[in-house]
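Undergrad: Before I ask anything, here is the structure I am working with.
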Amino acid sequence: MRAFAVLALIFTSAAMAACDEPRSREPKINPRPSAPDQLAAPPTALSAEDPAERPGPFAWNPETKAFVWDGQPLRAARTWTFDGSTDGFVMAGGEVEPAEDGGLRVAARMFDSAIRTPSGLALPGRRYTHVLVRVTRLAGGAQWDGALHYVTDAHPESAQFTTKPVQGDKPEINETVILVYDMAKPLAGGEDWTTSVIDRIRIDFDDAAGGEFLIHQVAITETPSAATPSDQAPPLRPRT
């Protein structure tokens, strides 16, 4: 009996000692996971103020405010930059107005709209063989044309005297291109340009309504060649 009491006392002391030992603490878990790294912002969409420009041997030099070919300046008989003015350009079948930040804003409102330079240019075609149009498409259209027609003392605008760009072609929305017309090698007209005095030029962008464009610059320049164009071309026709 005495032995049982001794054993009970030992067991009770051991239990009390175990209760006094500190309990191990579980590691704290933050209920808020850390925020994921911020994703990189998507690239900014192109706009008419910062459009992508299609590369090519012809380019616009903003410092000299002139077109160049393979980095070499081109001498121009006429250069239009539309700084707060239409510079005498008109449009049939659409709307034309100076853009706030420079350039000429045009919008086609019907089939076969056309943009025309001022008349009375009096340019010798044998010397100035290239027409350059730097333009950005602002709104989609249909039936891209891109044709150039012209007027001389001998004939009005005609499908017999026309051509298409040798550089540039159809621009996409928010894309800038330089339409390059080589009038010494037109689709129709043969040597008519190089033997004539040019009075006026017409340019067709889209053949359907809806297209909108920003024309930055237009120029009529000499042939981009080391040779002298006047030595290569036949003589001008006398004006009647």
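Undergrad: So how many residues does segment 132-171 have that are β-branched (Val, Ile, Thr) and touching a Leu at 6+ places or on another chain (Cβ under 8 Å)? Break it down into steps so the answer makes sense when it comes.
TA: Pass one, segment 132-171, residues β-branched (Val, Ile, Thr): 133, 135-136, 151-152, 162-163, 166.
So of that shortlist, the ones also touching a Leu at 6+ places or on another chain (Cβ under 8 Å) come out as 133, 135-136, 162-163.
Residues in segment 132-171 being β-branched (Val, Ile, Thr) and touching a Leu at 6+ places or on another chain (Cβ under 8 Å): 5 in total.
Undergrad: With the structure loaded, tell me whether residue 25 is at pLDDT below 95, of a type in the set (Lys, Arg) and out of contact with any Pro (no Cβ under 7 Å at 6 or more places or on another chain) or whether it fails that test. I'd like the intermediate steps shown before the answer.
TA: On the way: at pLDDT below 95: yes; of a type in the set (Lys, Arg): yes; out of contact with any Pro (no Cβ under 7 Å at 6 or more places or on another chain): yes.
In short, yes.
Undergrad: Here is a follow-up. Within segment 53-77, track down each residue that is open to solvent by 90 Å² or more (accessible area, probe 1.4 Å) and in contact (Cβ under 8 Å) with a residue 12 or more places away in the chain.
TA: 65, 70, 72, 73, 75
Undergrad: Select from segment 173-207 the residues that are touching a residue at least 40 places away in the same chain (Cβ under 8 Å) and assigned to a loop (DSSP other than H, G, I, E, B) and list them in ascending order. Please lay out each step first, then the result.
TA: We begin by selecting, within segment 173-207, every residue touching a residue at least 40 places away in the same chain (Cβ under 8 Å); these are 174-184, 191-207.
Passing the criteria: 174, 183, 184, 191, 192, 196, 204, 205, 207.
Undergrad: Further question on the same structure: If we scan segment 171-189, do we find a residue that is more than 28 Å from the chain's Cα centre (by Cα) and modelled with pLDDT of 95 or more?
TA: Yes.
Undergrad: Quick check on segment 73-83. Is at least one of its residues modelled with pLDDT under 95, closer than 24 Å to residue 193 by Cβ and in a loop (DSSP other than H, G, I, E, B)?
TA: Within segment 73-83, none of the residues are modelled with pLDDT under 95, closer than 24 Å to residue 193 by Cβ and in a loop (DSSP other than H, G, I, E, B).
Undergrad: Continuing with the same structure: Report, by residue number, each residue of segment 187-207 that is open to solvent by 20 Å² or more (accessible area, probe 1.4 Å) and closer than 13 Å to residue 146 by Cα. It would help to see each step written out before you state the result.
TA: Let us first name the residues in segment 187-207 that are open to solvent by 20 Å² or more (accessible area, probe 1.4 Å), namely 187-191, 197, 199-200, 202, 207.
Matches in segment 187-207: 187, 202, 207.
Undergrad: Of the residues in segment 93-130, how many are of a type outside the set (D, E, K, R), touching a Pro at 6+ places or on another chain (Cβ under 9 Å) and within 20 Å of residue 176 (Cβ to Cβ)?
TA: At the first step, the residues of segment 93-130 found to be of a type outside the set (D, E, K, R) are 93-94, 96, 98-99, 102-104, 106-108, 110-111, 113-115, 117-125, 128-130.
Going one step further and asking which of them are touching a Pro at 6+ places or on another chain (Cβ under 9 Å), we end up with 104, 128-130.
Within this subset, residues satisfying the condition of being within 20 Å of residue 176 (Cβ to Cβ) are 104, 130.
The qualifying residues number 2.
Undergrad: So which residues in segment 78-90 are in contact with a strand residue (DSSP E or B) (Cβ under 7 Å, 6 or more places away or on another chain) and either open to solvent by 50 Å² or more (accessible area, probe 1.4 Å) or not hydroxyl-bearing (Ser, Thr, Tyr) (or both), if there are any at all? I'd like the intermediate steps shown before the answer.
TA: First, pick out the residues of segment 78-90 that are in contact with a strand residue (DSSP E or B) (Cβ under 7 Å, 6 or more places away or on another chain): 78-82, 84-87, 89-90.
Correct list: 78, 79, 80, 82, 84, 87, 89, 90.
The values are calculated or read from the model by the stated rules, or taken from the named source; none is laboratory data. These numbers were taken from a predicted model, which means no experiment stands behind them. Here Cβ is always computed from backbone atoms with ideal geometry, including for glycine, and neighbour counts include all displayed protein chains. Protein only, heavy atoms only, side chains kept; ligands, DNA and RNA dropped before computing areas. Shrake-Rupley method; radii C 1.70, N 1.55, O 1.52, S 1.80 Å.
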